[in-house]
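Contents: one structure, followed by commentary.
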Amino acid sequence: MEKMKVVILCGGEGTRLREETEYRPKPMVAIGGMPILWHIMKYYSSFGFSEFVLCLGYKGEMIKEFFQGLRDAGGESGWEITFADTGLKAMTGARIKRVEKHITTDNFLVTYGDGLSNLDLNAEIAFHRRMGRAATLAGVHPHSKFGRVKADSSGVVSEFLEKPVLDDYVNGGFYVFQKEIMGCLSPDDPCVLETAPFEQLVEKRQMAMYRNEGFWHSMDTYKDFLDLNAMWDSGNRPWKVW
């Protein structure tokens, strides 16, 4: 298995989750008493990837303090963590570009600090190698934020689904990148990974999508926070693959 570092984007303010992020960075918002960032790192380490580069920004010191305290207590001793201050206002592409010096392999992994999945990472990496493209993303099925209603021609409702899983795919993160992707990025604050760099890769046919038909859930809103904690408390923890 190729040794790859895991870059996790941890610097945003999480403005849509202000009830929690006013006091802590979004990746430190807890599920089952532990930060969502810890859950993400446990996921990656379960596949043998335990070298992490955390792209810090908003309230980054809290992330450092948590993991230093965890290590002092003897927890997750096998993890090698690089804390990289990538600025308060930097966008996703700029944060990745600013940690380029820490990437020493041909391929590396990247994800967001607010998304959980039970995606088969080994299968995605194998797919990435077969495709030979500069970037692979996980295509996932999101839950609709609205109920779906069907009615017959007279207007009588025949079906109602409360926030169903949508058929279409969206970008779920959990990227596998070739290092050459750094050539598409700029260290300037406004560089957004998901706009011009991705558009450039698509134009060159250098982006692939691994279809994940399993669980995926991001923590964008306070309701997401409540839902994920309710799942954990009930024992329904599909992302807990460790």
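The values are calculated or read from the model by the stated rules, or taken from the named source; none is laboratory data. Small disclaimer: the values here were computed from a predicted structure and weren't measured. For neighbour counting, all protein chains shown are included, and Cβ atoms are generated from backbone atoms with ideal geometry for every residue, glycine included.
Considering the range 15-27 alone, what residues qualify as being under 13 Å from G113 (Cβ atoms) and either buried (at least 23 other Cβ atoms within 10 Å of the Cβ) or among the basic types (K, R) (or both)? Listed by number, the residues that qualify are R24, P25, K26, P27. Mind checking which residues of the range 195-242 are assigned to a helix (DSSP H, G or I) and in contact with a strand residue (DSSP E or B) (Cβ under 7 Å, 6 or more places away or on another chain)? F198, L201, D224, L228, N229, W232 - these are the residues of the range 195-242 that are assigned to a helix (DSSP H, G or I) and in contact with a strand residue (DSSP E or B) (Cβ under 7 Å, 6 or more places away or on another chain).
Let's see how each residue does on (1) more than 26 Å from F215 (Cβ to Cβ); (2) touching a helix residue (DSSP H, G or I) at 6+ places or on another chain (Cβ under 6 Å):
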site: T15; (1), (2): no, no
site: C55; (1), (2): no, yes
site: A73; (1), (2): yes, no
site: W79; (1), (2): no, no
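Taking the listed residues F174, F146, F160, the one that is modelled with pLDDT under 90 and either in contact with a Gly (Cβ under 7 Å, 6 or more places away or on another chain) or on the phi > 0 side of the Ramachandran plot (or both) is F160, with no other qualifying.
Within the range 1-39, the set of residues being touching an Asp or Glu at 6+ places or on another chain (Cβ under 8 Å) and of a type in the set (D, E) comprises E2 only. Looking across G48, G69, G87, one residue alone is at pLDDT 95 or above, over 26 Å from T136 (Cβ atoms) and in a loop (DSSP other than H, G, I, E, B). It is G87.
So, of the residues in the range 84-98 that are among the hydrophobic types (A, V, I, L, M, F, W, C) and touching a helix residue (DSSP H, G or I) at 6+ places or on another chain (Cβ under 8 Å), which turns out to be surrounded by the fewest Cβ atoms within 10 Å (Cβ to Cβ)? Per the stated criteria, the residue is A84.
Condition check for R95 on (1) assigned to a helix (DSSP H, G or I); (2) within 24 Å of A30 (Cβ to Cβ); (3) without any contact (Cβ under 8 Å) to a residue 40 or more places away in the chain: one failure, at (3). Return the only residue of G78, G33, G69, G57 being over 17 Å from the mean Cα position of the chain (by Cα) and closer than 23 Å to Y222 by Cα. Sole residue among the options that is over 17 Å from the mean Cα position of the chain (by Cα) and closer than 23 Å to Y222 by Cα: G33. Scanning the range 40-97 for residues that are in contact with a strand residue (DSSP E or B) (Cβ under 7 Å, 6 or more places away or on another chain) and charged (D, E, K, R), we see that the one that is nearest to M4 (Cα to Cα) is E51.
In this structure, T195 qualifies as at pLDDT 95 or above, out of contact with any His (no Cβ under 6 Å at 6 or more places or on another chain) and surrounded by 13 or more Cβ atoms within 10 Å (Cβ to Cβ). So which of S77, S50 ends up being polar (S, T, N, Q) and free of Cβ contacts under 8 Å to residues at least 24 places away in the same chain? So the residue among S77, S50 that is polar (S, T, N, Q) and free of Cβ contacts under 8 Å to residues at least 24 places away in the same chain is S77. Taking the stated definitions as given, is L9 in contact with a Ser or Thr (Cβ under 6 Å, 6 or more places away or on another chain), of a type in the set (A, V, I, L, M, F, W, C) and crowded, with 20+ Cβ neighbours inside 10 Å? For L9, the condition - in contact with a Ser or Thr (Cβ under 6 Å, 6 or more places away or on another chain), of a type in the set (A, V, I, L, M, F, W, C) and crowded, with 20+ Cβ neighbours inside 10 Å - is met.
Residues in the range 200-239 that are under 22 Å from S46 (Cα atoms) and surrounded by fewer than 17 Cβ atoms within 10 Å (Cβ to Cβ): R211, E213, G214, N229, D233, G235, N236, P238.
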